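Chemist: Sharing a structure, written as structure tokens. Questions coming.
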Amino acid sequence: MLDTATASEAIAGSMHRLEAEPVELDEAVGRILRQSVNAERDQPPFDRVTMDGIAVRFDTINAGHRNFTIEGTQHAGDPVQSLTSDTGCIEIMTGGVLPTGTDCIIPVERISVSNGVATVASEYEAKRNQFVHPQGSDHVRGHEVLKPGARISPMDIAVIASCGLANVEVSRQPSIRVISTGNELVPPGSPIESHQIRLSNGPALVAMLADQGFVDTAHEHLIDEPTILEIRIANLLQESDVLILSGGVSMGKADYVPQVLEKLGVKLVFHKISQRPGKPMWFGIGPDKQVVFALPGNPVSTLVCCRQYVLPALLMASGRESYSPETARLTEDVTFEADLTCFLPVRISVSDDGLINATPAPTNTSGDFAALSGTHGYVELARAQSEFSAGSAVPLHRWDSP
């Protein structure tokens, strides 16, 4: 059996970097960026007014002058105007260019206008350059505003658009096929007998993948019959970059997956990891370099293995920047006597000192997936230790941020 770190290294060493492809902005959110995004212009590209009002010369109002003759009106998007008189002003709208010859904006709420003259409230105290967003104060032209490896957020779309890019280079979506195995599984919505259980792993795996931006997925349920498994897995291998199976990898008489994969030319990299849950996990490489993850069928094991190994591997292949787990502080004593790494579900909170607290939320068994609802992730308890006291610092893996 491999330890958890060696298993992660073996997977990383077997992954191939996905190609980059250009996509339009409306298709880029959630994808992994594969290019630098550099500022097209200074941001803001001019001294930008941030308040509706009038633009004046500060020295004039600072000297006590309160009445300003309106010389013109400038809206956002209008060419810049110039103030010609110390006692004049230009009506200005939010987002407009600061008029030449002005250095102070008086908010519209603090003025009154009559017969072409704007009067500033007597008690109002102005400041030089107030309500002016200076040119280049966010960043200057050519500045790298987004680096390769970031997952593109809706906010990043605004940044990319502001740099004048209609298309952006991202990692190609891998074709992923998910297989649930087991005679006992019945899909939601279908009649079910007392000896059967609902099919839940496949939909959960597809959802976990989609949550990280991997949407080229399809799920299929197969019974534990070697011939059927061989035919369908062979077909799915041909159409996928990544194959993820759930179930059929342990030591039971109906656990046919390892022998079927071997028969189809999938080269074993490892089988079994010294951890709980998820010990029977299987990993291999197909004849055409397909990546094959065969996860244990117990739901908690499936979800932990997907989060711990599958998602980080896919994100790494997509060019995502490196990931390191957070550190959390246990709120309770924990004892784990098995000579295995323990992945313990937790609920987290942040204390007044800014540290992350992790409260254990153990499942009843590795089949107790309902207990995972409301948890935020799991902590990793080292194999070499059996007693973990409250306050111990341990690695934290959140479900939603591999």
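The values are calculated or read from the model by the stated rules, or taken from the named source; none is laboratory data. All values reported here derive from a predicted model rather than from experimental measurement. Cβ atoms come from the backbone with ideal geometry, glycine included; neighbour counts cover every protein chain shown. For accessibility, only protein heavy atoms count, side chains too; no ligands or nucleic acids. Shrake-Rupley method; radii C 1.70, N 1.55, O 1.52, S 1.80 Å.
Chemist: Given H placed 1.01 Å from N in the peptide plane, which residues other than close sequence neighbours of VAL346 have an amide H under 5 Å from its amide H?
Modeler: So VAL346 has HN proximity to ALA361, HIS376, GLY377, TYR378, VAL379.
Chemist: Also: Quick one: compute the contact order of the chain, relative version, from alpha carbon pairs under 8 angstrom and 6+ residues apart, as a percent.
Modeler: Result for the chain is 16 percent.
Chemist: A further question follows. When only C-alpha pairs under 8 Å and at least 6 residues apart count, what is the relative contact order of region 282-357, in percent?
Modeler: 18 percent
Chemist: Next question, about the same structure. Please express the Cα-Cα pair-distance distribution P(r) of region 1-156 as a list of whole percents, one per 5 Å bin, running from 0 to the bin with the greatest distance.
Modeler: 2, 8, 14, 14, 11, 8, 8, 7, 7, 5, 5, 3, 3, 3, 2, 1, 0, 0
Chemist: Over the chain, average the accessible area per residue using a 1.4 Å probe and give it in Å², no decimals.
Modeler: Computed with neighbouring chains in place, this is 48 Å² per residue.
Chemist: Go through region 1-100 and name the GluC sites (Glu not before Pro) that are in a DSSP coil and have 15 or fewer other Cβ atoms within 10 Å of their Cβ.
Modeler: Counting only loop positions with at most 15 other Cβ atoms within 10 Å, the GluC sites (Glu not before Pro) in region 1-100 are GLU19, GLU40.
Chemist: Over region 254-402, what is the relative contact order in percent, taking alpha-carbon pairs closer than 8 angstrom and at least six residues apart?
Modeler: Values: 279 pairs, mean separation 33.8, N = 149.
It rounds to 23 percent for region 254-402.
Chemist: Can I ask one more? Which net charge results when you count Lys and Arg as +1 and Asp and Glu as -1 among the other residues whose beta-carbon is under 11 Å from that of GLU230?
Modeler: Working: positive: ARG232, LYS263; negative: GLU225, GLU262.
Around GLU230, the charge tally is 0.
Chemist: Mind listing the long-range amide H neighbours of LEU222? Cut-off is under 5 Å, sequence gap 5 or more, other chains count too, H placed in the peptide plane at 1.01 Å from N.
Modeler: Hits under the 5 Å cutoff: SER180, THR181, GLY182.
Chemist: Mind checking the dipole of the chain: about its Cα centre, +1 per Lys or Arg Cβ, -1 per Asp or Glu Cβ, Debye to the nearest 20? Can you show the working numbers first?
Modeler: On the way: 30 positive and 49 negative charges, 129 e Å.
In debye, rounded to 20, the chain gives about 620.
Chemist: I would also like to ask the following. Assuming R0 = 51 Å, can you tell me the calculated FRET efficiency for the pair ALA254 and GLU40, based on Cβ-Cβ distance, to the nearest 0.05?
Modeler: Efficiency at R0 = 51 Å is approximately 0.25.
Chemist: Oh, and also: GNM on the chain, C-alpha springs below 10 Å: top fluctuator among PHE388, PHE131, PHE293?
Modeler: Judging by the Gaussian network model, the answer is PHE131.
Chemist: Can you bin region 315-402 into rounded, prolate or oblate? Criterion: square roots of the alpha carbon gyration tensor eigenvalues sorted a ≥ b ≥ c, rounded for a/c under 1.5, prolate for a/b above b/c, oblate for the rest.
Modeler: Because its axes are fairly even, with a/c under 1.5, region 315-402 counts as rounded.
Chemist: Karplus couplings for region 337-342 from phi (6.51 cos²θ - 1.76 cosθ + 1.60, θ = phi - 60°), rounded to Hz, Gly and Pro as x?
Modeler: Values per residue, Gly and Pro as x: 8, 5, 7, 9, 6, 10 Hz.
Chemist: Turning to a different aspect of this structure: Summing +1 for each Lys or Arg and -1 for each Asp or Glu, what net charge is found among the other residues whose Cβ lies under 9 Å from the Cβ of THR359?
Modeler: In short, 0.
Chemist: Would you please give the residues with an amide H less than 5 Å from that of VAL186, counting only those at least 5 places away or on a separate chain, with H modeled from the backbone geometry?
Modeler: Residues meeting the amide H criterion: ILE197, ARG198, LEU199.
Chemist: Compute, for region 141-274, the length of the dipole vector about the Cα centre, with Cβ point charges of +1 (Lys, Arg) and -1 (Asp, Glu) only. Units Debye, rounded to 20. Could you put the intermediate results ahead of the total?
Modeler: Numbers: 11 positive and 15 negative charges, 75 e Å.
The dipole magnitude comes to about 360 debye.
Chemist: Something else: Round to the nearest 0.05 the FRET efficiency obtained for ASN115 and ASP400 when R0 = 56 Å and r is the Cβ-Cβ distance.
Modeler: In this case the efficiency is close to 0.35.
Chemist: Turning to a different aspect of this structure: First compute the accessible area of the chain with a 1.4 Å probe, then give the percent of it belonging to carbon and sulfur atoms.
Modeler: Roughly 50 percent of what the probe reaches on the chain is carbon or sulfur.
Chemist: How much FRET efficiency would the formula 1/(1 + (r/R0)^6) give for ASN364 and THR227, where r is the Cβ-Cβ distance and R0 is 51 Å, rounded to 0.05?
Modeler: 0.90
Chemist: Put a dot 7 Å past each Cα toward the Cβ at ASP339 and ASP86; how far apart are the dots in nm?
Modeler: So the label points at ASP86 and ASP339 sit 9.1 nm apart.
Chemist: Any idea how far apart ASP3 and HIS143 come out in nm if each label point goes 7 Å out from Cα toward Cβ?
Modeler: So the label points at ASP3 and HIS143 sit 4.4 nm apart.
Chemist: With every atom except the alpha carbons ignored, what do you get for Rg and Dmax of region 6-82, in angstroms?
Modeler: Radius of gyration, then largest Cα-Cα span, for region 6-82: 26.1, 76 Å.
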